[in-house]
Each structure stands twice: as C-alpha cells, then as structure tokens.
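Everything on this sheet refers to the single structure shown next.
The values are calculated or read from the model by the stated rules, or taken from the named source; none is laboratory data. From a predicted model like this one, the values you see are computed outputs, not experimental measurements. Ideal geometry is used to build each Cβ from the backbone, glycine not excepted, and the neighbour counts take in all protein chains shown. In case anyone asks, the SASA skips ligands and DNA or RNA and just uses the protein heavy atoms, side chains included. Shrake-Rupley method; radii C 1.70, N 1.55, O 1.52, S 1.80 Å.
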Amino acid sequence: MLESAAALFDVGALLVVIAGTVIATAARSGWRNLRAALFALARLRIAPIDCDANRAALARTIAAVRAKGHLCSDVPLPPDKAFASLVSGYLVSGSIEAMHEAAIKQQTARETARDRAVRVLEYAGEIAPVFGLVGTLFAISQLAPTGQLSLAENTMQALATAVLSSLYGVLTAHIVYIPLAGAIDRRGLREEEDRLALIEWFEHELSREPPRGALSRLKDAA
C-alpha cells in the first residue's frame, strides 16, 4: 500500500506544476488581483461574521439614539469594522440615507474584491492542467539514456513522470484551485446575506417610531 502511494509521488513533477501555475497565474492576474486572492484565502480561516454580537451592538445603538439622539458619543461600536464604520457615520450625520449609500459602497467593494479573488483561482484552475502537460512534454524529452540508467529504465522513469505531471495538473485544478474559488464565493454570498439582513433591520428600527416599551426591549436585546 505504501509502495503504491509512493509511486504516485514525484517531487519534480509536482514542483513544475505548482510553480508554473503560480507564476503564470500571477503574471496573468496582476499583483492587485493576486493580493485580493491571498486575502480572501486567509479569511477562509477566520470565523464568519458574528451576527448575534453585531445585532446586540446595533440594538444598543438604537436604544441610545432613541434616548439621547444621534449625536450621543458613548455607544459601543459593533465588532465588525464595516458595521462600526456605518454606525460612526450615522452618529455624526444622523442620515439613514447616507448610511444606506455607504453600506452599498461597502458591499460593492467587497463584491469586487471577491470577484477578483475567485477569478484568480479560476485562472489557476485553467492553467494547472497546461503545466501538467508541460511537465509531460519535458519528461518525454528525457527519454534518451543517461548515466547509469539503461534505456528501458530511463524510459519507464520518464513515462512515469510524464503521467504524474498530467495527473498533478488535473488534480490540483479540480481539488485545490477551483474548490477554493467556490469556497470564497459561497462564503462571501453568505456573509452578504447576513450583512444585508442586519443593516435592513437596523435601518428599519431607526426609521420607525418606537412603540411603547420598545426601548426597554432593545436594551434587553443588547
């Protein structure tokens, strides 16, 4: 079993596929898009937005605004930086419309960055099989006997490297790059849904007249 697994591992072929894919993807995408992809990959390891904590902070903001007006300065900001920026802007301006426009700009910026990251990884998924073929062609070019290896031994080694190079190209494309692109896209869409629900609730609560007892309920929610 271990011998069979070891036979499927060729360091040289794997390096050709990975290094070639990374270099070609970086050259095709540019530094700005590559940086967006690296940032999005790093965020996959971070816990998603905490809806409960941010909703509690927004509830405290609503309670404070209803009690003291929008210029109150002693409101603890939400833990999410985007929401904290929106709340800070609202406390200064008191304009729900301006806050809504700022939220749309934030969403557009996040979607643009996410699209860049997804596109970079999809490029890598397209390019990886090509470099698998490059490794295959390079291995075939080494069919001539060299050193202590006989023609038959060198031929078998070259053919094994050629096959593994193609295999690595296909596997890295469909098990690494393309799934990562999908993971970034799915996470981004889920977060945008959560953010939209929270900001809509926040705007709705700010714009309506509070019914009797609403202030105490908001304080309880906070």
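Our coupling estimate for segment 199-206, obtained by passing each phi through the Karplus curve with A = 6.51, B = -1.76, C = 1.60 and θ = phi - 60°, is 5, 5, 5, 4, 5, 5, 5, 6 Hz, Gly and Pro reported as x. Roughly what percent of Cα-Cα pairs across segment 15-86 reach past 18 Å? Tail of P(r) above 18 Å: 61 percent of Cα pairs. The heavy atoms of residue 9 present about 130 square angstrom of accessible area, all protein chains included, probe 1.4 Å. Could you please state, rounded to a whole Å, how far the C-alpha centre of segment 55-75 is from the C-alpha centre of segment 10-49? Each part reduced to its Cα centre gives a spacing of 43 Å. Placing +1 on each Lys and Arg Cβ and -1 on each Asp and Glu Cβ, with no other charges, gives segment 24-96 a dipole about its Cα centre of roughly 300 debye.
When ligands, DNA and RNA are left out and all protein chains stay put, how many square angstrom of accessible area per residue does segment 87-146 have with a 1.4 Å probe?
Details: 3210 Å² over 60 residues.
Normalised by residue count, the accessible surface of segment 87-146 is 53 Å².
Rounded to whole numbers, the Karplus 3J(HN,Hα) couplings from phi for segment 37-48 are 5, 5, 5, 5, 5, 5, 5, 5, 8, 9, 4, x Hz, using 6.51 cos²θ - 1.76 cosθ + 1.60 with θ = phi - 60°, and x at Gly and Pro. Electrostatic tally near residue 43: other residues with Cβ closer than 15 Å to its Cβ, Lys and Arg +1, Asp and Glu -1, net +2.
In whole percent, how big is the carbon plus sulfur part of the accessible area of segment 29-119, probe 1.4 Å, protein atoms only? Display every interim value, and only then the final one.
Numbers: 3010 of 5180 Å².
Heavy-atom surface of segment 29-119 belonging to carbon and sulfur, 1.4 Å probe: 58 percent.
Full extension of the chain segment joining residue 141 with residue 44 gains 30.9 nm, where the gain is 0.36 nm per residue of separation less the Cα-Cα distance.
Phi-derived couplings, Karplus 6.51 cos²θ - 1.76 cosθ + 1.60 at θ = phi - 60°, listed residue by residue for segment 179-194: x, 5, 4, x, 5, 5, 5, 5, 5, x, 5, 4, 5, 5, 4, 5 Hz, with x used for Gly and Pro.
What accessible area per residue, rounded to a whole number of Å², is obtained for segment 155-203 using a probe radius of 1.4 Å? Numbers along the way, then the final one.
Working: 2470 Å² over 49 residues.
I get 50 Å² per residue for this part.
Could you give the semi-axes, largest first, of the ellipsoid that matches segment 46-90, computed as the square roots of 5 times the alpha carbon gyration tensor eigenvalues and rounded to whole Å? Kindly include the intermediate steps, with their values, before the conclusion.
Working: eigenvalues 83, 23, 8 Å².
In descending order the semi-axes read 20, 11, 6 Å.
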